[in-house]
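To start, the structure under review is shown below, and the notes come after it.
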Amino acid sequence: MKKLAVCLLLGLFASTVSAQRPETGSLSLMPKVGVALSKFSDHTIYSSLGSGMDRENKAKFGPGFSVGLEGEYIAHPNIGVSLGLMYAHEGTDHDLKGAEVGLDYLNVPLMANFYVTPQLAFRLGAQVGFLMGDNVGIAYGDHGVTEASSFNSVDFSIPIGVQFEYQRLMLGMRYNWGLTRVFKDSDYFKEKNQVIQIDLGYRLTL
């Protein structure tokens, strides 16, 4: 059993060493689909418990999804530059029923990909998101948040992540650090988007 495990590890190591990253100057297209776990930073709403008592309901990560396409240009043997167009369903969740917020964005990420091995890349960049629609829970009506006009139409963030590739199949994970406030009312709401994104993709070399 130990010999078998050693042989499997050696085989995996050999395939990793022998694998080649795309050639310098090459261009690839990468369709991607994944999940997005998101919430609003430092966000709390209150619900009445009666007798003048309120309950704090802090934001928590809620499930969403993302789907789209990225293109990558290999500018250097260890550096690639990618530009994407991704549709993402994000927002925030709470323990309080009816306090969910769903926001649909069309995101455009511009990323620098630093390859430490042919399969492993660390990613850093900038992203702009355009609000396409919303779904607001009824509990937000008390705060005047009832329609898309309550939200900023453009969202800026810094995506930081890592990507592993094997046999053209890619598995990526990144954190989008929100820079702009989600709500237009900056005096009352100061929250920003926080998004953890995990996606699968496939490289099509042109």
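The values are calculated or read from the model by the stated rules, or taken from the named source; none is laboratory data. All figures in this text were calculated on a predicted structure; none of them were measured in a lab. When we count neighbours, we look across all protein chains shown, and the Cβ atoms used for this are built from the backbone with ideal geometry, even at glycine. The protein model used for the area step is the full one, side chains on, heavy atoms only, and it has no ligands, DNA or RNA in it. Shrake-Rupley method; radii C 1.70, N 1.55, O 1.52, S 1.80 Å.
From largest accessible area down, sort His76, His89; use a 1.4 Å probe on the protein chains.
Details: His76 85, His89 50 Å².
These residues rank, largest area first, as His76, His89.
A simple count of charges around Ile158, restricted to other residues whose Cβ falls under 13 Å of its Cβ and scoring Lys, Arg +1 and Asp, Glu -1, yields +2.
Once you list every other residue whose beta carbon is under 15 Å from the beta carbon of Lys32, what net charge do they have if Lys and Arg are +1 and Asp and Glu are -1? Please report the intermediate quantities before stating the final value.
Details: positive: Arg123, Arg168, Arg174, Arg203; negative: Glu70, Glu72, Glu165, Asp199.
Taking every other residue near Lys32 into account, the sum is 0.
Ser26 contributes an accessible area of around 20 Å² to the protein surface, as traced by a 1.4 Å probe with all chains present.
Within the shell defined by Cβ-Cβ distances under 13 Å, the residues around Gly201 carry a net charge of +1, with Lys and Arg each +1 and Asp and Glu each -1. Accessible-area rank, largest first, for Tyr105, Tyr73: Tyr73, Tyr105, with all protein chains present and a 1.4 angstrom probe. Computed with every protein chain present, the accessible area of Asp42 is close to 150 Å² [probe 1.4 Å]. Among the protein heavy atoms, those of Lys39 account for about 50 Å² of accessible surface (1.4 Å probe, every chain in place).
Subtracting the Cα-Cα distance of Phe65 and Val162 from their residue separation scaled by 0.36 nm leaves 33.1 nm.
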